[in-house]
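Notes follow the structure.
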């Protein structure tokens with residue numbers, strides 16, 4: 001009788017009322033990541049926002065590691081933490097952005113942004129929960145996020161979204177170049193920034 005009860009307990013599906021240590025760690029890291037993300041978008045100090053962004057992105061990398069997705073975790077660290085945040089900090093230094101509190105970092109559309117963010121988060125959570133309601137990851141089994149498994153899944157099942165994302169990034173790059181050239185042209189055409197005439201250049205000689 002005891003043996004049958006043990007076998008039925010071992011065969012029972014996992015549930016939310018019996019979390020493992022990995023699941024508890026996942027929840028705690030998720031709460032830290034959420035707090036860091038909230039501080040990132042609410043602080044008025046740009047440097048602090050960049051540093052809290054490092055914490056948020058690093059927390060996501062830890063979440064990927066807990067889900068046995070080592071490849072995605074290291075991509076998160078190398079690309080986002082190691083490149084995007086460093087680029088952001090260099091941009092702050094090169095543009096001589098204020099180090100202290102910046103009133104310009106606040107916006108009057110905070111409540112509208114909060115409503116949109118809440119609606120987007122609720123929709124995302126609903127879609128993920130509805131799609132993976134009965135899906136459980138075997139954290140004690142072989143890693144499911146290795147380079148080989150990720151590459152096969154990406155280029156067999158997600159080719160179209162992958163290419164769409166690459167086109168989106170290319171459009172963002174082209175848009176940034178166009179906006180920077182337009183800003184430079186507007187600055188050169190501003191009053192007081194007129195070019196020297198040939199006569200003035202000859203007189204300067």
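First check a/c for the stretch 13-93, with a ≥ b ≥ c the square roots of the eigenvalues of its C-alpha gyration tensor; if it is under 1.5, answer rounded, and if not, answer prolate when a/b is larger than b/c or oblate otherwise. Because a/c hits 1.5 or more and a/b fails to exceed b/c, the stretch 13-93 counts as oblate. As a calculated quantity, the FRET efficiency between residue 41 and residue 160 at R0 = 22 Å, using C-beta atoms, amounts to about 0.10.
Using per-residue counts of other Cβ atoms within 10 Å, averaged over each peptide, order 19-29, 74-84 from highest down.
Final packing ranking: 74-84, 19-29.
Judged by the mean number of other Cβ atoms found within 10 Å, the most tightly packed of the peptides 153-161, 42-50 leads the ranking 42-50, 153-161. You can think of it this way: the chain between residue 127 and residue 172 has 13.5 nm of extra reach, that is 0.36 nm per residue less the Cα-Cα gap.
Readers should treat all values here as calculations from the given coordinates under stated rules, not as data from a laboratory. Predicted, not measured: the structure shown is a model, and the values here were computed from it. Here Cβ is always computed from backbone atoms with ideal geometry, including for glycine, and neighbour counts include all displayed protein chains.
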